[in-house]
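Have a look at the structure below before the remarks.
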Ligand code: TZP
Ligand code: MG
């Protein structure tokens, strides 16, 4: 699976664009993973939206992940779920979703990372690496040193998140992230497709240079 450019939808900061519009534009710009993230939308509406997004991601062969909401993954047969430390336990999610679905876990420490690997998480989200206004309840920025420390402790895919944009991409990829998860730098951009293209080109260029 290609974690290079993991785009997360967020209707609160997309200047009126819907999840579906954000997803469509991000896919056109080369997103390699797409996540639906909405903590407020009613299940029935979220399911409708996710069914539509899933149709688009399938056409592009891009994995579709749902944040937090295991029952929605089940309802729309999405490719997986992303869970935080305070969400449903990994083992419960695995029981509900079965072996084939992707389960990603957010971690902030080496200890949490090792535990997630032990539970056979498919990938880790690490962040916030830099300060971010997008997740007000996120802890304080972890920094690059923590990302490196976790990279050295685990060998499953890791995706860096939090305050990532074209100016700090290189630093996180050099620290060992397999890809970057981005919200505001893409979702709030005037042209989402163009913002994705720019990031994607830069990621590919940097990775090539780093021999990854
Ligand atoms: N988890 C840790 S930081 C974050 C999440 C969901 C928000 C990232 O958003 P942005 O706008 O890319 O900083
Ligand atoms: Mg969560």
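The values are calculated or read from the model by the stated rules, or taken from the named source; none is laboratory data. Keep in mind that this is a model prediction, so the values were computed, not measured. Ideal geometry is used to build each Cβ from the backbone, glycine not excepted, and the neighbour counts take in all protein chains shown.
Could you say whether any residue in the range 167-176 is modelled with pLDDT of 95 or more and under 14 Å from residue 8 (Cα atoms)?
Filtering the range 167-176 down to residues modelled with pLDDT of 95 or more leaves 167-176.
Those still in the list that are under 14 Å from residue 8 (Cα atoms) too: none.
Checked against the condition, which is being modelled with pLDDT of 95 or more and under 14 Å from residue 8 (Cα atoms), the range 167-176 yields no hits at all.
Across the range 30-44, the qualifying residues are those that are part of a loop (DSSP other than H, G, I, E, B) and over 30 Å from residue 201 (Cβ atoms), and the one among them that is farthest from the chain's Cα centre (by Cα) is 42. Residues in the range 1-16 that are farther than 18 Å from residue 60 by Cβ, in contact (Cβ under 8 Å) with a residue 40 or more places away in the chain and buried (at least 18 other Cβ atoms within 10 Å of the Cβ): 10, 14.
Out of curiosity, is residue 103 buried (at least 20 other Cβ atoms within 10 Å of the Cβ), within 14 Å of ligand 2 (Cβ to nearest atom) and part of a helix (DSSP H, G or I)? Spell out the reasoning first.
Details: buried (at least 20 other Cβ atoms within 10 Å of the Cβ): yes; within 14 Å of ligand 2 (Cβ to nearest atom): yes; part of a helix (DSSP H, G or I): no.
In short, no.
The sole residue among 70, 110, 81 that is within 16 Å of ligand 2 (Cβ to nearest atom), over 14 Å from the mean Cα position of the chain (by Cα) and under 30 Å from residue 155 (Cα atoms) is 70. Determine whether the range 186-194 contains at least one residue that is at pLDDT 95 or above, part of a strand (DSSP E or B) and within 27 Å of residue 66 (Cβ to Cβ). No, the conditions are met nowhere in the range 186-194. Looking at the range 164-178, is at least one residue within 18 Å of the chain's Cα centre (by Cα), within 16 Å of ligand 2 (Cβ to nearest atom) and either under 19 Å from residue 7 (Cα atoms) or assigned to a loop (DSSP other than H, G, I, E, B) (or both)? No - not one qualifying residue is present in the range 164-178.
Can you name every residue in the range 131-149 that is touching a residue at least 24 places away in the same chain (Cβ under 8 Å), over 15 Å from residue 109 (Cα atoms) and over 16 Å from the mean Cα position of the chain (by Cα)? Give the derivation first.
Kept after step one, since they are touching a residue at least 24 places away in the same chain (Cβ under 8 Å), are these residues of the range 131-149: 131-135, 138-139, 142, 144, 146-149.
Subsequent filtering for residues that are over 15 Å from residue 109 (Cα atoms) retains 131-135.
Residues satisfying the conditions are 131, 133.
Residue by residue through the range 85-99, note down the ones that are within 16 Å of ligand 1 (Cβ to nearest atom) and surrounded by fewer than 17 Cβ atoms within 10 Å (Cβ to Cβ). Across the range 85-99, the qualifying residues are 85, 86.
Let's see how each residue does on (1) assigned to a strand (DSSP E or B); (2) closer than 25 Å to residue 22 by Cβ; (3) in contact with a helix residue (DSSP H, G or I) (Cβ under 6 Å, 6 or more places away or on another chain):
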site: 53; (1), (2), (3): no, yes, yes
site: 57; (1), (2), (3): no, yes, no
site: 71; (1), (2), (3): no, yes, no
site: 99; (1), (2), (3): no, no, no
site: 116; (1), (2), (3): no, no, no
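Screening 190, 128, 157 for residues that are closer than 20 Å to residue 13 by Cβ and under 15 Å from the mean Cα position of the chain (by Cα) leaves exactly one candidate, 128.
Among the candidates 194, 152, 170, single out the residue that is over 23 Å from residue 118 (Cα atoms), surrounded by fewer than 22 Cβ atoms within 10 Å (Cβ to Cβ), free of Cβ contacts under 8 Å to residues at least 60 places away in the same chain and more than 12 Å from ligand 1 (Cβ to nearest atom). It would help to see each step written out before you state the result.
Details: 194 fails: free of Cβ contacts under 8 Å to residues at least 60 places away in the same chain; 152 fails: over 23 Å from residue 118 (Cα atoms).
Every option except 170 fails the conditions.
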